[in-house]
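Student: Dropping a structure here in structure tokens format, bear with me for questions.
Every number in this text was worked out from the coordinates using simple rules, so none of it is lab data. Predicted model, so just to flag it, every value in this text is computed and none were measured. So basically every Cβ, Gly included, is an ideal-geometry build from the backbone, and we count neighbours across all protein chains shown.
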Amino acid sequence: MDSPGASRPTEPRPRRRDRHGRGMRGPVAPPQVPLSASRGDTFRDLVQDSVERLERRWPQLAEVDFMVLEVPAAPDDSVPLGSSAPATRERSARVVVYRRPVELRAKSRDERALLVHEVVVEQVADLLGLAPESVDPRYGED
């Protein structure tokens, strides 16, 4: 039986620092600083900026699902940067941008933003059956 003075074995508490009191004490940067945003979040923001820019000119894009995936499902000889699928009865139209292939082709942040916008414009043009230049008149300009 348990006596009131007997202590029960407890599970060890997780250590947050090493035995010398060193280690991570908190986040490296506060949440509002860009350093704290992950690469995936930053990439999604680039895609969202591009979509918002196009939606001003093409309001019907509000019904299109824009997605970011890491890599294409089954890469062929060439790795696509994006894909599009028209609407069906079960789901709405979809545009997918693949993050890793785009990041590997861009050398800087500015290049990455430009490439993301070009991929989104190309996929929207494919979806709408138009030329990329008619979807965004500034397509292809540096």
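Student: What's the whole-number percent of alpha carbon pairs in segment 32-142 lying beyond 18 angstrom? It would help to have the intermediate numbers written out before the result.
Tutor: Values: 3017 of 6105 pairs.
Roughly 49 percent, rounded to a whole number.
Student: Could you sort the peptides 130-138, 94-102, 81-89, 42-50 by per-residue average Cβ neighbour count (10 Å cutoff), highest mean leading?
Tutor: Highest mean packing first, the order is 94-102, 42-50, 81-89, 130-138.
Student: While we're here: Between GLY82 and residues 5 or more places away or on another chain, which pairs have amide H atoms under 5 Å apart, with H built 1.01 Å from N, and which residues are they?
Tutor: Those lying under 5 Å, H to H, from GLY82 are TYR98.
Student: Looking at segment 51-105, what % of its DSSP beta bridges pair antiparallel, to the nearest 5? Please list the in-between numbers first.
Tutor: Working: 4 of 9 bridges.
The answer is about 45 percent antiparallel.
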